[in-house]
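The structure under discussion appears below in the form of structure tokens.
Every number here is computed from the coordinates shown, using simple stated rules; none is lab data. What you are looking at is a predicted structure, and each value in this text was computed from that prediction instead of being measured. As a convention, Cβ positions derive from the backbone with ideal geometry for all residues, glycine included, and neighbour counts pool all protein chains shown.
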Amino acid sequence: MEISQFCWTPNTGWETPPASARTANLVLVFAQAAYFRQPKCYQDLRRMFPTANILGCSTAGSIYGTTISDGDIIVTAVNFKKGHVRLVRAETGASGDLQTIAAALMTELAAADLRHAFVLSDGLSINGSDLARGLNSTGIPVTGGLAGDGTSFASTWVMANAPAAQNLVALIGFFGEIKVKSGCIAGWGEFGAERLITRSHGNVMYEIDHQPALTIYTKYLGQMAKDLPSSGLRFPLSIRTSEQEEPVIRTLLGIDPIAHSLTFAGDVPQGGLCRLMKTDVDTLIESSGTAADAAKPDTKDNPSLGIVVSCVGRRLVLGQLTEEELDIVRDRLGPKTTLSGFYSYGELAPFSNTVSCQLHNQTMTLTTLTE
């Protein structure tokens, strides 16, 4: 397994990748740069990597080792020697059944030696919970994330063996002698009263305790409500369908002042229970280390790739200390692990004690691959 990284910057263009990277069979591309959305960006990459599967997305910050890039394009080229990869993709469309689409993609990847799948999806036009349900159709572990757009929430893009496009979901399957581990930790705590979701549909919440959802939410945010929806990233909701269920975190994506509703990145089921959440810097950083412990490769002797998908909400809370959560990940995983990834609008990974993929928000997820 050989790994190399390089970048594109607005001032200097593309760095020159090492000659050995030309035979890479997987190229990951993460960017918050406008050039990523132009067809020429993909054409450049295809010339550099004629035989690779190229997969990437727009971000709310791209990860290059232990640094975060906002204006560049970060490329990680991987050449698997013992395993192999395959990419599948589909357009979601406004009226498409995302669960069915995701299940069909998993079926397309199905093989006796399929070890894992990594997914990237449009981050605004989909219900991530439906995506997760479809990804669980074959019993194969899946991790990944929803594309981002900084704090603009205007448009998100996925590149999958073609120029970047909107309304797209893509999976890369890992086959053969590739060992995959993952970790998934949030580090947020609940506060305030637990409330009943009295009216919702899919990922849109209309009423909490029979009151307009937006009214309840803005009351908690106080002065920060004027900056919605971006300020909502600091105050996600803990959601559970019953008192017996393990809660998941849901991040606010949008508001409707006319309907007084809140739109989240995943399901907020009617009849479920919700509580506001908050955190602090130290807790977030330590939780990233815990996720790294869970994803640590079994051996430190072989090179490994660590794909980080962390939430844009964590970045807003951590501010200038955001790179410290990458530092602790590097410390726990060791120097032979190359870090790549992005800050997202939603994270997809199993809980540590299950195989079933879940949509998470405000969570640090890690996927490590080793031959």
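Here are the numbers for the structure shown:
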read-out	value
Added length on full extension, which subtracts the Cα-Cα distance from 0.36 nm per residue, SER356 to SER155	69.5 nm
Order of MET159, MET205, MET224 - criterion: other Cβ atoms within 10 Å of each residue's Cβ, fewest first	MET224, MET159, MET205
Stretchable slack from ASP70 to ASP327, in nm (0.36 nm times residue separation minus alpha-carbon distance)	90.7 nm
Order of CYS7, CYS41, CYS184, CYS57 under a 10 Å beta carbon neighbour criterion, fewest first	CYS7, CYS41, CYS184, CYS57
Efficiency of FRET from Cβ geometry, THR16 and SER242, R₀ 51 Å, rounded to 0.05	0.35
Three principal axis lengths of region 189-277 [C-alpha, angstrom, descending]	36, 26, 21
Alpha-carbon centroid distance for the pair region 22-88 / region 111-174, whole angstrom	15 Å
ALA104/ASP256 FRET efficiency (R0 25 Å; Cβ-Cβ; nearest 0.05)	0.20
Dipole of the chain, positive end: most advanced residue of GLY202, CYS274, GLY176 [Cβ charges, Cα centre]	GLY176
Long-range HN-HN contacts of GLY83 with modeled amide H, under 5 Å	GLU177
About the Cα centre, charge dipole magnitude for the chain (Lys/Arg +1, Asp/Glu -1 at Cβ), debye	600 debye
Of GLY222, LEU318, THR299, farthest towards positive along the dipole that unit charges on Lys, Arg, Asp, Glu beta carbons give region 202-343	GLY222
Under the span-like rule (Cα at least 15 Å along the axis, Kyte-Doolittle mean at least -0.5), DSSP H helices of the chain	98-109, 281-295
³J(HN,Hα) computed for each position of region 224-233 - Karplus, 6.51 cos²θ - 1.76 cosθ + 1.60, integer Hz, glycine/proline x	6, 5, 5, 9, 5, x, 5, 5, x, 5
Gain in span if fully extended, ALA162 to ASP97, counting 0.36 nm per residue against the direct Cα distance	21.1 nm
Longest DSSP-loop-exposure-free segment, trypsin sites (Lys or Arg not before Pro), the chain, at most 15 other Cβ within 10 Å	83-299
Cβ-placed point charges (K, R +1; D, E -1), dipole of region 152-287 about Cα centre in debye, nearest 20	240 debye
log₁₀ of I(q)/I(0) at q = 0.24 Å⁻¹ - region 246-307, Debye sum with one point per alpha carbon	-1.10
Given charges at beta-carbon only (K, R positive; D, E negative), |dipole| of region 1-70 in Debye	260 debye
Sorted by Cβ neighbour density within 10 Å, fewest at the top, the residues THR198, THR290, THR367	THR198, THR290, THR367
For the chain, alpha-carbon Rg over 2.2 N^0.38 Å	0.94
Leading residue at positive end of dipole, the chain (Cβ point charges), from VAL78, SER152, SER261	VAL78
